[in-house]
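Undergrad: One structure follows; several queries about it will come next.
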Amino acid sequence: MAQYPFTDIEPKWQRYWLANETFRTPDEIDTSKPKFYVLDMFPYPSGSGLHVGHPEGYTATDITARYKRMRGFNVLHPMGWDAFGLPAEQYALQTGTHPAVTTQKNIDRFREQLQSLGFSYDWSREIATTDPEYYKWTQWIFLKLFEKGLAYEAEAPVNWCPALGTVLANEEVINGRSERGDHPVVRKPMRQWMLKITAYAEQLLDDLELVDWPESIKEMQRNWIGKSEGAEVDFAVEGLDETLRVYTTRPDTLFGATYMVVSPEHPLLDRLATDATRAEVEAYRETASHKSDMERTELAKGKSGVFTGSYAINPVNGQKIPVWTSDYVLISYGTGAIMAVPAHDDRDYEFAKTFDLPIVEVISGGNIEAEAFTGNGVLVNSANDEISLNGLEVAESKAKITAWLESKGLGQGKVNYKLRDWLFSRQRYWGEPFPILHVDGNPVPVPENELPLTPPVVDEYKPSPEGDPPFSRNAEWVNTTDPTTGKPARRETNTMPQWAGSCWYYLRYIDPKNDRAAIDPEKEKYWMPVDLYVGGAEHAVLHLLYARFWHKVLYDCGVVHTKEPFHRLVNQGMILGEVEINLFRDAEGRPVSESEARNDEEFTAERIPESEAVKKGDGFVWKQDESIRLRSRAHKMSKSRGNVINPDDVVKQYGADSLRLYEMFMGPLEQVKPWSMKGVEGVYRFLNKVWRLFENPLTDTECDPDQNRLVHATIKKVTEDIEGMRYNTAIASMMEFVNAATKWESLPRAAANPFVLLLSPFAPHMGEELWAKLGHAETLAYEPWPEYDESALLRDEVEILVQVTGKPKARIMASPTATQAELLTLAKAHPDVAAALEGKTIRKEIAVPGRLVNIVAT
RNA sequence: GCCCAGGUGGUGGAAUGGCAGACACACGGGACUUAAAAUCCCGAGCCGAAAGGCGUGCGGGUUCGACUCCCGCCCUGGGUACCA
């Protein structure tokens, strides 16, 4: 392949940009100019290095950053490292290497890789969450949360593995057993730090109105917060002087409650159990403790449960109803107890069917013999001596019964959220230490002037023999004195979760070296909010919700001046591995069709070359036996599958500009797309073609009208596509330009100059090199972006399609401004159209200027 | 299970109410070459010899006109609170 010399020009311009600090955003700037803060979700610097998924979003933001600079904006475009986390800690467990050492090595590798891709980051602002100068302020923010009563200690269930003596992440637990060693795991309550994110539930919900985010992400956040309006109702328990409080969103169905369910963790369960049922209840609770919330609420798995032996009294009709315990009721939502209305709730219905409990219809309109009816309807069977809901609809009934319950002191209207407080501590080594001392059993903040509080030196990175977190291995660090009272104190040995550092990093980039404050208020005022934030859709809920929460706390503390941190958000889609074609074989090695092999582990998938597959119908079949259907699919890149693409290899073979261009040309940024090395070759050919185009003689003559139209059409398309982040079609239009310009005898500078500027955000190395070749001495990074001239785009005549009753019959040439009447006259004059209309009656005439004519005739 | 997204040629995709398949990959043919690579030109949704017919996951609907809007389904992917 004829090559343009990317191996020379790419490192050359990377050195130039670094040496000249081309992309440094100075502290003192001309604030009369508009600003643009364009941010990437910073990576976790893993040991395996950069993945081709990283440069997808990074290239998109880099194009936008470069474009905005050329548009005269002050641009802030930083990069850093979300560097606390499990892998470095696990490596430390195995090898004894301090996680800081591993982390630094990985960061250096990541930085080098990113720099080899030509991103225009301001590297003078680089930050790492593991840097004491950074986490000093993470700890400072935690103290603010603590001061405001938003951080508290509580017992919360965790995945405890007795055999490993440690707490496991959900992903380390498979079917109730540990991933490492296959030991049993139980849900066990443990003392934890919690953050009261629920105090901000309403604001987190309302302020979604203020941001320009994809509607689907906002929807996911709304659902996650899960606001519901209902009522709390107290049920008396027979033989106990306690009441059982339930939360329900359907107080209107109260007359249809035929039993109750408490979650296995409910505090009253022990007292609800009778001597006759106690053993069974305890066994059930034990079983439930091995399941995750997700396993418990899966509808498909069927319902389990045990009768407690106790009865409750339905407050509206005095009816005695049994109290059960079942794991489909979660302790973490509502009150951990429900009234069950099987006629009008799918889960209760399934449970009632399973255990043969009565089903009483209270809303007409469905067929409760067959299924629960959850829709709107008219109330029936819902009256007592004092109140009747009969004849009312659902909404009215809710209001009426809630008012009645309140007047009787039996319950009250209640707003509830699915959102739970944030479990904020981890029993790990490699995280921010909590700046907290325990004095006389109470948590006390470490004074601000003692920050940063650094992790202790430990002999090993695993929990202590007693099962306490790793920090407790250093007794000297743990046992200290409270500087204010002089009393003996124990340091907190939990660490913060990885989320902590990523909750405010976007602020620190604005003022990364400040040692007196987390951020200077003047700088914050100029740069915030982030104008464009790009990252993976997998962060749609958690990271974005947590960061918004911290931002709102900082807003209330007067640290920031905007209610929301990220104005516009875009989620890039995942990049999958190359498409693979699989042939399935059964246990005896006989090939079988894909449909037979589905969901069965006895079958093995074998990767076969594309040439052995033939398209047939909807899918592919095996060339050697066309009755065997194959599976053609792209999979998530993973080490175990062996389909990971290393960006270094791509850069080596095709250059950074090709990688950048391909990542953008693959398809829309937001979409999931499979990788294809052939596709990389395609854009590489395009860059070679550009290179050859500039080997043509350059002329100072003006463009002819056709050339001029193409130049301006390309400027228009590329500009609008960058604004709309449609980078794939911007590249396609540049390809069209080059395809046409290659056929020109010579290249006018009036076309060459703007084209290089258009290309430069996408392929910056080639852009700079060609710009220099065109005789410019300075970098093009701050050249004004080309403007297009609408008048150059005008044509005298355009082709108009003429349809008769929707069928294309002819094409006519007409002025783009021709009126509807003119178009119809022209169309009818066309012989093919006239022939098609022969003997028919015209029913309707449609003419769209510049586009088409449709004459409906029968 | 629940929430969200996506299904268009052999492949990635384009067109967001107006000629489905821009641009690119792969493929076939040709030119150049001793040959290959690279490059250039031509072809191509499917069925059909052609006329023509059929085609945007499936089934309905709205409209002069639907990949695009509405209703119902199927399949695939992401998230599901200690992976980040």
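Undergrad: For the stretch A:62-80, indicate whether the set of residues that are hydroxyl-bearing (S, T, Y) and without any contact (Cβ under 8 Å) to a residue 40 or more places away in the chain is non-empty.
TA: So far as the stretch A:62-80 goes, no, none of its residues is hydroxyl-bearing (S, T, Y) and without any contact (Cβ under 8 Å) to a residue 40 or more places away in the chain.
Undergrad: Another question about this same structure. May I ask you to say which residue of A:F620, A:F694 is within 13 Å of RNA strand B (Cβ to nearest atom), surrounded by 13 or more Cβ atoms within 10 Å (Cβ to Cβ) and either of a type in the set (F, W, Y) or more than 27 Å from A:L583 (Cβ to Cβ) (or both)?
TA: Numbers: A:F694 fails: within 13 Å of RNA strand B (Cβ to nearest atom).
Of the residues listed, the single one that is within 13 Å of RNA strand B (Cβ to nearest atom), surrounded by 13 or more Cβ atoms within 10 Å (Cβ to Cβ) and either of a type in the set (F, W, Y) or more than 27 Å from A:L583 (Cβ to Cβ) (or both) is A:F620.
Undergrad: Would you confirm whether any residue within the stretch A:805-822 is surrounded by 14 or more Cβ atoms within 10 Å (Cβ to Cβ), away from RNA strand B (no atom under 12 Å from the Cβ), closer than 28 Å to A:P849 by Cα and not small (G, A, S)?
TA: Yes, some residue in the stretch A:805-822 is surrounded by 14 or more Cβ atoms within 10 Å (Cβ to Cβ), away from RNA strand B (no atom under 12 Å from the Cβ), closer than 28 Å to A:P849 by Cα and not small (G, A, S).
Undergrad: Could you check A:E602 against (1) over 29 Å from A:Q671 (Cβ atoms); (2) open to solvent by 60 Å² or more (accessible area, probe 1.4 Å); (3) outside any loop (DSSP other than H, G, I, E, B) and say which number it fails?
TA: A:E602 satisfies every listed condition except (3).
Undergrad: Testing A:T485 on (1) under 30 Å from A:Y91 (Cα atoms); (2) of a type outside the set (A, V, I, L, M); (3) modelled with pLDDT of 90 or more, one condition comes back false. Which one is that?
TA: If we test A:T485 against (1) under 30 Å from A:Y91 (Cα atoms); (2) of a type outside the set (A, V, I, L, M); (3) modelled with pLDDT of 90 or more, just (1) comes out false.
Undergrad: Follow-up question, since we're still on this one. Got a sec? Which strands (runs of 3 or more DSSP E) wholly within the stretch A:386-501 have at least 2 residues that are of a type in the set (S, T, N, Q) and more than 16 Å from RNA strand B (Cβ to nearest atom)? Walk me through how you get there before you give the answer.
TA: Values: elements: A:411-416, A:436-439, A:442-445, A:479-481, A:488-491.
Hits in the stretch A:386-501: A:479-481.
Undergrad: Of these, A:Y506, A:Y526, which one is within 30 Å of A:Q572 (Cβ to Cβ), touching a strand residue (DSSP E or B) at 6+ places or on another chain (Cβ under 8 Å) and surrounded by 19 or more Cβ atoms within 10 Å (Cβ to Cβ)? So that I can check it myself, show each step before the final result.
TA: Numbers: A:Y526 fails: surrounded by 19 or more Cβ atoms within 10 Å (Cβ to Cβ).
So the residue among A:Y506, A:Y526 that is within 30 Å of A:Q572 (Cβ to Cβ), touching a strand residue (DSSP E or B) at 6+ places or on another chain (Cβ under 8 Å) and surrounded by 19 or more Cβ atoms within 10 Å (Cβ to Cβ) is A:Y506.
Undergrad: With the requirement that a residue be buried (at least 18 other Cβ atoms within 10 Å of the Cβ), more than 30 Å from A:D82 (Cβ to Cβ) and not polar (S, T, N, Q), what does the stretch A:402-438 give you?
TA: Within the stretch A:402-438, A:W404, A:L405, A:L410, A:G411, A:K414 qualify.
Undergrad: Of all residues in the stretch A:662-683, count the ones that are in contact (Cβ under 8 Å) with a residue 60 or more places away in the chain and either assigned by TED's automatic domain parsing to the domain that holds A:M766 or within 10 Å of RNA strand B (Cβ to nearest atom) (or both).
TA: Residues flagged as in contact (Cβ under 8 Å) with a residue 60 or more places away in the chain and either assigned by TED's automatic domain parsing to the domain that holds A:M766 or within 10 Å of RNA strand B (Cβ to nearest atom) (or both) within the stretch A:662-683 amount to 13.
Undergrad: Keeping to the stretch A:81-103, report how many residues are over 27 Å from the mean Cα position of the chain (by Cα) and open to solvent by 10 Å² or more (accessible area, probe 1.4 Å). Before the answer, list the steps.
TA: Of all residues in the stretch A:81-103, those over 27 Å from the mean Cα position of the chain (by Cα) come to A:91-102.
With the extra rule that they be open to solvent by 10 Å² or more (accessible area, probe 1.4 Å), the set shrinks to A:91, A:93-98, A:100-102.
Within the stretch A:81-103, residues that are over 27 Å from the mean Cα position of the chain (by Cα) and open to solvent by 10 Å² or more (accessible area, probe 1.4 Å) number 10.
Undergrad: Do you know which residues across the stretch A:529-541 are at pLDDT below 85 and surrounded by fewer than 20 Cβ atoms within 10 Å (Cβ to Cβ)?
TA: The answer is A:A537, A:E538, A:H539, A:V541.
Undergrad: Also: Does A:N643 satisfy the condition of being more than 10 Å from RNA strand B (Cβ to nearest atom) and either assigned by TED's automatic domain parsing to the domain that holds A:N582 or open to solvent by less than 40 Å² (accessible area, probe 1.4 Å) (or both)?
TA: The answer is yes for A:N643.
Undergrad: Given (1) out of contact with any helix residue (DSSP H, G or I) (no Cβ under 6 Å at 6 or more places or on another chain); (2) at pLDDT 90 or above; (3) not acidic (D, E), identify the lone condition not met by A:A163.
TA: Going through (1) out of contact with any helix residue (DSSP H, G or I) (no Cβ under 6 Å at 6 or more places or on another chain); (2) at pLDDT 90 or above; (3) not acidic (D, E) one by one, A:A163 breaks only (2).
Undergrad: Still on this structure, I have one more. Starting from the stretch A:84-98, keep only residues that are in contact (Cβ under 8 Å) with a residue 24 or more places away in the chain, then list their pairs with residues that are away from RNA strand B (no atom under 16 Å from the Cβ) and not aliphatic (A, V, I, L, M) whose Cβ atoms are within a distance under 7 Å, requiring at least 6 positions of separation or different chains.
TA: Final answer for the pair search is A:Y91/A:T97; A:A92/A:H98.
Undergrad: Going by what's in this entry, would A:T779 be described as among the β-branched types (V, I, T) and open to solvent by 30 Å² or more (accessible area, probe 1.4 Å)?
TA: In short, no.
Undergrad: Still on this structure, please answer the following. Working carefully through the options A:E432, A:E460, A:E450, A:E396, find the one that is free of Cβ contacts under 8 Å to residues at least 12 places away in the same chain and either more than 20 Å from A:A500 (Cβ to Cβ) or out of contact with any Leu (no Cβ under 7 Å at 6 or more places or on another chain) (or both).
TA: A:E396
Undergrad: For A:A587, all conditions in the list (1) surrounded by 14 or more Cβ atoms within 10 Å (Cβ to Cβ); (2) over 32 Å from the mean Cα position of the chain (by Cα) hold save one; what is the number of the exception?
TA: (1)
Undergrad: Just for the stretch A:720-775: of the residues that are more than 12 Å from RNA strand B (Cβ to nearest atom), small (G, A, S) and in contact (Cβ under 8 Å) with a residue 24 or more places away in the chain, which one is surrounded by the fewest Cβ atoms within 10 Å (Cβ to Cβ)?
TA: A:S746
Undergrad: Tell me whether the stretch A:68-78 contains one or more residues that are modelled with pLDDT of 95 or more, within 17 Å of A:R125 (Cα to Cα) and part of a loop (DSSP other than H, G, I, E, B).
TA: The answer is yes, given that some residue of the stretch A:68-78 is modelled with pLDDT of 95 or more, within 17 Å of A:R125 (Cα to Cα) and part of a loop (DSSP other than H, G, I, E, B).
Undergrad: Also: Can you give me the ranges of the helices (runs of 4 or more DSSP H) entirely in the stretch A:196-300 with at least 2 residues that are away from RNA strand B (no atom under 14 Å from the Cβ), surrounded by 15 or more Cβ atoms within 10 Å (Cβ to Cβ) and not assigned by TED's automatic domain parsing to the domain that holds A:F146? Steps first, answer last, please.
TA: Numbers: elements: A:201-206, A:215-225, A:269-272, A:278-288, A:293-297.
Filter on the stretch A:196-300 gives A:269-272, A:278-288.
The values are calculated or read from the model by the stated rules, or taken from the named source; none is laboratory data. Note that this is a predicted model, so its numbers are computed, not measured. We place every Cβ from the backbone using ideal geometry, glycine too, and count neighbours over all the protein chains shown. Quick note on the areas: whole protein, heavy atoms, side chains included, nothing else; ligands and nucleic acids left out. Shrake-Rupley method; radii C 1.70, N 1.55, O 1.52, S 1.80 Å.
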